[in-house]
1. What size of dipole, in debye to the nearest 20, comes out for segment 299-457 about its Cα centre when the only charges are +1 on Lys and Arg C-beta atoms and -1 on Asp and Glu C-beta atoms?
2. Can you tell me how segment 23-224 classifies by the Cα gyration tensor, rounded, prolate or oblate, using a/c under 1.5 as the rounded cut?
3. Work out the length of the dipole vector of segment 40-143 about its Cα centre, built from +1 on the beta-carbon of each Lys and Arg and -1 on the beta-carbon of each Asp and Glu, and round it to the nearest 20 debye.
4. Sorting 201, 353, 382 on the 10 Å Cβ count, fewest up front, what's the list?
5. Provide, as a two-decimal number, the C-alpha radius of gyration of segment 383-443 over 2.2 N^0.38 Å, N being how many residues it has.
6. With no solvent and one point per C-alpha, what does the Debye sum give as log10 I(q)/I(0) for segment 331-420 at q = 0.11, 0.23, 0.25 Å⁻¹?
7. When you count, for each residue, the other Cβ atoms within 10 Å and take the mean per peptide, how do 75-87, 117-129 rank with the highest first?
8. Which of rounded, prolate or oblate describes segment 21-119 when judged by the alpha-carbon gyration tensor and an a/c cut-off of 1.5?
Amino acid sequence: MKNKVMAIVLGALGCWAGMASAVQVARVSLAVGEATLFKPNGASSVLVRGVELSEQDRVVTGKSGMVMLVFTDQGRVAIRPESELVIRKYEDDPSGQATQLQLELMRGTVRQISGQAAQRQPDRYRLNTPIAAIGVRGTDFLAQATQGSVQTYVHEGAITVQPMQMGQSVGTQMLSVAGQAHYLLARAEGAVESYHVVAEDAERIFGIRLGKPALAVAQQGSASGTPARSDAAADTPLLAQSTTASRGGWVVTSETHAVDSMRPATDVATPPAIAPVQPPVVDAGPQPLPEVIALPRQLVWGRFSDATQLPLSLPVAYSQARTGREVTVGELGSYALWREGASTLAPLRGTADFAMAAGEGYYSAGGQTTALSLSQPQLQVDFDRMQFSTRLSMVAATVPAAQLNVSGKINTEGVFLGKATDQRVAGALNAQGTEAGYLFQLNAPAGVYNGLTLWTKK
């Protein structure tokens with residue numbers, strides 16, 4: 001019995017010693033929405049601004065969760081919704097002898113900004129994913145991991161990507177801003193593809209707004225001799241989410257900001273013993289946040305060719321759009337809607353309303369094109385009758401306003417076509433009936449209205 005008690009005591013002391021020796025390597029600079037910290041011993045807690053993290057800590061975000069971590073060497077990691085990141089090792093040795101920087105992205109999306117340690121010794125940094133290992137060469141990059149693939153994009157600097165198949169390396173590739181490839185897609189079966197992708201396309205792929213290189217933001221103030229800021233104001237732009245909350249229906253990119261409770265605390269003077277009488281305050285309740293509409297993940301618009309003279313920016317390059325996808329509808333020589341997954345629509349019942357996640361349009365007349373603002377978007381699908389109906393308003397400063405109003409049938413492959421007087425729509429659904437996209441055309445006496453849209457089920 002004495003030995004048993006002694007074992008329990010020693011075990012408890014060992015656990016205490018481990019906790020006491022845990023070195024804080026990062027802190028939460030910004031936390032929005034659902035985010036949880038899991039400790040190596042199984043304990044969990046809600047992540048809020050100011051929480052300190054140690055090695056082996058795991059951060060998990062929900063559908064609305066976003067977290068910014070600032071490490072001891074001023075490196076930053078922006079963790080996007082529905083992600084899971086583990087700090088495996090983070091030891092910054094100024095002498096370089098013992099520097100080890102290792103993170104593991106189990107799933108989801110992160111934006112990584114190199115810190116001082118990674119810049120001094122880039123060969124000691126590693127971001128592991130289930131499909132590939134990423135090495136940093138002083139950079140700002142994005143990474144997204146799923147069970148079947150990993151994709152990454154370099155926004156500043158360079159990285160090395162080592163895809164794995166059955167635990168074995170299938171070669172190492174370099175991605176850099178100065179090189180031929182900025183973007184890489186590696187699949188679990190071993191297929192690896194790399195392309196040159198512009199920042200606008202990367203924003204759509206990863207669902208995040210890039211803006212200026214984050215490395216420059218992380219190091220702001222260094223030119224004036226002041227240390228880089230790590231407060232919420234500095235880090236909010238790095239968490240900015242590419243959204244399409246309708247503002248006139250046009251594709252609008254907006255930033256997601258922290259709520260008041262997550263702003264830096266400020267000193268407050270002690271109030272007087274007798275406070276002055278204040279007029280009654282009417283509690284209006286929580287203010288609604290801007291609507292955030294998720295971009296479809298299985299549908300993407302691409303150009304039939306890599307021609308850059310086409311007027312719309314929503315479609316990605318043909319080589320990228322076709323990767324892992326099948327074409328559905330399109331305009332020969334211009335744009336096409338590509339879809340991944342099953343080509344047969346699942347048995348669905350009822351009626352579903354969709355919100356426009358992205359959309360672009362232009363007006364052509366006399367050899368000139370004018371960008372359109374798309375507003376009041378509506379798309380409804382009746383799965384019982386296999387029918388759809390959609391409305392869309394189109395305006396521009398120098399263009400007559402027009403309204404798209406089309407309905408039609410949906411076939412078993414999820415492809416839908418519709419016509420009205422001088423109007424037509426061609427589009428497709430994903431197999432689950434949760435995503436949609438269509439192109440439209442409206443012929444007017446003086447010109448033609450054209451455009452592309454992407455929709456997500458409400």
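1. Values: 11 positive and 11 negative charges, 28 e Å.
For this selection, approximately 140 debye.
2. Working: a/c = 1.33, a/b = 1.22, b/c = 1.10.
Here segment 23-224 falls in the rounded category.
3. Numbers: 13 positive and 12 negative charges, 67 e Å.
About 320 debye.
4. Numbers: 201 22, 353 11, 382 15.
Sorted ascending by nearby Cβ count, the order is 353, 382, 201.
5. Details: Rg = 12.9 Å, N = 61, 2.2 N^0.38 = 10.5 Å.
Relative to the rule-of-thumb radius for its length, segment 383-443 sits at 1.23.
6. Reported log10 I(q)/I(0), two decimals: -0.41, -1.30, -1.38.
7. On the way: 75-87: 22.2, 117-129: 20.5.
So the peptides 75-87, 117-129, ranked by packing, come out 75-87, 117-129.
8. Details: a/c = 1.90, a/b = 1.53, b/c = 1.24.
Prolate shape, in that a/c is at least 1.5 and a/b is the bigger ratio.
Values in this text are rule-based calculations from the coordinates and carry no lab data. As the structure is a prediction and not an experimental result, all values here were calculated from the model. Here the Cβ is made from the backbone with ideal geometry for all residues, glycine too, and neighbour counts use every protein chain on show.
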